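What follows is a single structure, written as structure tokens, with notes after it.
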Amino acid sequence: MNNFEENLRKYYSSKNLRDDKVDLLLGGENSKRMNLPGYFKYAAAVIIIITFTFGYLQFTNNKIELSVAKEIAMNHSKQLEVEYTADNLNELENKLSKLEFKLSNIKSELNGKYNLLGGRYCSIQGNLAAQLKLKNLLTDKIETLYVSKLNDDLNKLSSSNMNMDGVNIRVWKKDGLLYGRASDI
Amino acid sequence: MEDRELLQSGYRYALSLTHNEQDAEDIVQDVWLRLFIKNRNAKSKALYYASIRNRFIDIYRRKKLVVMEDIDEVSQVEQFDNDLSIKDIEKCLEKLRPEEREVLFLNCVEEYSASEIGEITNQSRSTVLSIIGRGKRKFINTYKYLFETNITKTSG
């Protein structure tokens with residue numbers, strides 16, 4: 001191997017997807033399969049227990065709401081382009097066919113208040129979700145609506161409304177779905 | 001291959017195409033969610049890489065940033081013995097075209113042969129060899145221009 005190849009290897013091995021993103025995408029499934037030496041496992045277990053104990057005591061009341069809101073605010077702020085343009089939910093439902101719920105069932109959330117511009121797949125707490133780009137007909141502002149099927153963790157969440165990083169986030173549950181709407185303040 | 005390792009290698013492959021960490025992250029997230037969220041036990045590196053490549057082409061065609069150019073002749077690439085910093089490597093890679101960074105990554109980092117890269121990128125083996133040669137020459141020339149010229153100027 002010459003130095004050219006070594007330079008490239010060094011460069012790319014220094015680049016990693018952020019840990020929080022990896023954990024988000026793997027949804028915790030990988031932690032069961034990590035093949036670490038024994039003492040690392042024990043050390044990791046102790047650190048995890050301590051972290052979770054303190055974390056639980058400090059954030060027991062609203063940690064799920066906070067982490068969902070933070071994730072929604074972060075995604076909204078990225079202002080990613082829609083993957084599929086569509087002006088109605090039936091059309092978008094055909095394009096986002098892997099969702100575990102029917103987008104056409106959420107029409108009441110949009111009717112008369114928003115114009116649909118399009119959507120893309122995203123995730124909330126590792127759970128597959130739809131990210132819809134909407135135009136608020138009252139304010140003319142672009143807002144983002146996130147919809148995901150409720151799982152055990154998301155079902156613990158209470159409805160909330162908060163401001164975070166310059167974004168207003170409203171989160172609520174309805175008919176087995178989690179909704180999160182984000183708009184710039 | 002562990003999922004975490006697969007995810008990271010795909011990220012590096014996406015980075016070789018985009019040379020932009022945020023874009024690479026977005027592509028990997030899109031592809032991973034689409035391919036594997038429902039089929040957690042059926043992960044294929046070939047499918048994952050092909051999907052990353054397709055997603056990159058979709059996005060960059062839309063932005064009209066991918067411009068194909070004629071492949072020049074294969075020619076000898078001079079020996080390169082310098083050990084560069086990450087920042088310097090990044091600057092040199094920035095001057096390369098996405099298809100050049102892609103084949104160099106697949107060849108030098110993933111250690112795929114020219115024929116294997118040809119299968120992944122849908123090109124002939126000789127075309128892949130041309131791109132590898134051209135990419136290496138551009139990298140080395142960029143290094144000389146950016147750094148050796150600078151050293152000469154500074155010392156002179």
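Please treat every number below as a calculation from the coordinates, not as lab data. Everything numeric in this text was worked out from a predicted model, so none of it was measured. For neighbour counting, all protein chains shown are included, and Cβ atoms are generated from backbone atoms with ideal geometry for every residue, glycine included.
Structure summary
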item: Pairs of Cα atoms farther than 13 Å apart, segment B:3-62, %; result: 55 percent
item: Cα-only Debye scattering, segment B:101-143: base-10 log of I(q)/I(0) at q = 0.16, 0.28 Å⁻¹; result: -0.35, -0.93
item: Per-residue Cβ neighbour rank within 10 angstrom, fewest leading, A:TRP172, B:TRP32; result: A:TRP172, B:TRP32
item: When segment A:63-184 is reduced to its Cα atoms, the Kirkwood hydrodynamic radius in Å; result: 14.2 Å
item: Out-of-range pairs (alpha-carbon distance over 24 Å; input A:LYS70/A:LYS174; A:LYS78/B:LYS95; A:LYS10/B:LYS136; A:LYS70/B:LYS45); result: A:LYS78/B:LYS95; A:LYS70/B:LYS45
item: A:ASN105 versus A:ASP23: modelled label distance in nm, points set 7 Å from Cα along the beta carbon direction; result: 3.1 nm
item: Top positive-direction residue, dipole computed over segment B:86-155 with Cβ charges, set B:GLY118, B:LEU129, B:PHE147; result: B:PHE147
